[in-house]
């Protein structure tokens with residue numbers, strides 16, 4: 001098939017590359033001319049395992065075309081995916097200006113029948129809004145061109161987006177048109193040759209499935225972090241609690257990993273958007289309290305590591321230096337959106353500390369965007385041990401594989417104090433004791449007095 005993808009970022013590029021891998025011809029449209037020029041020269045705007053080789057292959061086989069031209073894309077495509085960002089607005093609701101902008105461009109330029117698929121994560125009712133905008137633009141032109149707007153939410157996790165596209169857990173499509181449903185089914189069928197995981201539902205149900213899925217996963221993380229706090233007060237280990245809980249098949253162990261909090265482009269944004277859209281719908285207050293608590297717990301959780309550092313080293317951190325492993329919100333990505341590392345750095349630096357951060361992928365993102373202009377922060381992206389010398393302690397904020405089995409003797413020899421603050425619970429407590437470290441993790445029974453620290 002001939003497909004257009006508008007918005008070539010964390011969703012659009014893996015989507016386009018995967019469709020091209022199955023033999024479809026894809027027009028990748030983005031208004032960022034620098035990004036498109038880079039892609040034409042093999043320079044990817046994001047880091048994702050396996051993505052670079054797919055993009056290279058698709059381009060070499062002339063199945064991936066990179067353009068800033070709507071007319072070129074719309075002239076060639078029979079299906080157009082909208083995959084632009086929907087950042088949170090000032091009130092937490094999804095900002096749909098980019099989605100609506102694409103809809104206007106489509107309506108003002110399309111010349112033949114189209115299927116328009118909302119791939120961006122959007123509130124319930126957005127497909128109807130997109131349809132109205134496109135129809136309005138057609139009416140202005142005096143054109144009568146058939147088109148259909150469907151909801152086709154993405155379920156790609158950063159750090160494994162290619163795998164999630166190539167081996168989808170499910171494909172959800174919201175449409176009331178049988179012919180459109182079958183065409184979209186055929187587009188996705190090559191990814192599901194052994195087991196068909198295509199789910200056709202109503203448009204509004206499809207839009208709600210995406211928000212509901214991400215909010216449920218975020219809720220599991222906030223819940224286990226609450227259990228971690230209880231575990232610390234009791235002097236028990238949340239890892240043992242989570243293992244016991246997860247052995248129940250009704251619960252499962254996915255997302256029952258206590259940490260310094262979730263981040264990224266999806267969970268924080270989608271929880272806030274679901275809360276805001278639910279408020280507008282008039283959802284009763286008890287339900288709203290449940291949804292709001294998910295993000296409130298997570299906001300607090302991002303302060304747990306700095307609270308523990310302050311409980312150990314005092315409120316005045318002037319003249320003290322800390323090593324930080326991990327800037328991205330999770331492993332295998334350079335995405336720092338809503339990362340706990342931002343809170344950790346800010347809370348330490350404003351108390352006079354210096355922070356030296358290592359991350360194999362996200363240093364440029366930190367320098368140019370998320371920690372831009374911060375004084376007291378320096379970076380390293382090649383050698384994680386190079387930042388340790390003379391530091392009061394090591395802080396771990398990301399679960400990157402290379403952090404999981406370090407040379408503890410080397411760590412101990414370089415650090416000023418044998419102290420580790422682990423926001424990802426990477427190490428076994430008996431090993432830490434044997435190696436002679438003070439080990440402050442999340443819910444591992446270290447009985448830190450961090451709850452009394454004010455931030």
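Does residue 36 meet the test of being crowded, with 18+ Cβ neighbours inside 10 Å and assigned to a loop (DSSP other than H, G, I, E, B)? Break it down into steps so the answer makes sense when it comes.
Details: crowded, with 18+ Cβ neighbours inside 10 Å: yes; assigned to a loop (DSSP other than H, G, I, E, B): no.
Taking the combined requirement at face value, the residue does not satisfy it.
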### Query
Which of the residues that make up region 425-446 are exposed (fewer than 15 other Cβ atoms within 10 Å of the Cβ) and more than 31 Å from the chain's Cα centre (by Cα)?
430, 431, 433, 434, 436, 438
### residue 115, sole failed condition from (1) in contact with a helix residue (DSSP H, G or I) (Cβ under 9 Å, 6 or more places away or on another chain); (2) surrounded by fewer than 21 Cβ atoms within 10 Å (Cβ to Cβ); (3) not in a loop (DSSP other than H, G, I, E, B)
(2)
### Task
Could you identify the single residue in 60, 146, 52, 72 that is surrounded by fewer than 18 Cβ atoms within 10 Å (Cβ to Cβ) and under 26 Å from residue 206 (Cβ atoms)?
146
### Residues of region 165-183 that turn out to be surrounded by 15 or more Cβ atoms within 10 Å (Cβ to Cβ), outside any loop (DSSP other than H, G, I, E, B) and either out of contact with any helix residue (DSSP H, G or I) (no Cβ under 9 Å at 6 or more places or on another chain) or without any contact (Cβ under 8 Å) to a residue 60 or more places away in the chain (or both), as a count
7
### Task
Count, please, the residues in region 246-255 that happen to be in a loop (DSSP other than H, G, I, E, B) and over 23 Å from residue 161 (Cβ atoms).
5
### Task
Please state which of the following conditions residue 98 fails to meet, knowing it meets all the rest: (1) assigned to a helix (DSSP H, G or I); (2) within 22 Å of the chain's Cα centre (by Cα); (3) closer than 20 Å to residue 188 by Cβ.
(3)
### Message
Among the numbered criteria (1) under 25 Å from residue 173 (Cβ atoms); (2) in contact (Cβ under 8 Å) with a residue 40 or more places away in the chain; (3) surrounded by 14 or more Cβ atoms within 10 Å (Cβ to Cβ), which one does residue 66 miss?
### Response
(1)
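Filtering region 184-195 down to residues that are in a helix (DSSP H, G or I) and surrounded by fewer than 17 Cβ atoms within 10 Å (Cβ to Cβ), which residue is farthest from the chain's Cα centre (by Cα)?
186
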#### Entry: Test set (1) modelled with pLDDT of 95 or more; (2) out of contact with any helix residue (DSSP H, G or I) (no Cβ under 6 Å at 6 or more places or on another chain); (3) assigned to a helix (DSSP H, G or I); (4) crowded, with 22+ Cβ neighbours inside 10 Å - residue 243 fails condition number
(4)
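The values are calculated or read from the model by the stated rules, or taken from the named source; none is laboratory data. Please read all numbers here as calculations on a predicted model, not as lab measurements. Methodologically, a virtual Cβ is constructed for each residue, glycine included, from the backbone with ideal geometry; neighbour enumeration extends over all protein chains shown.
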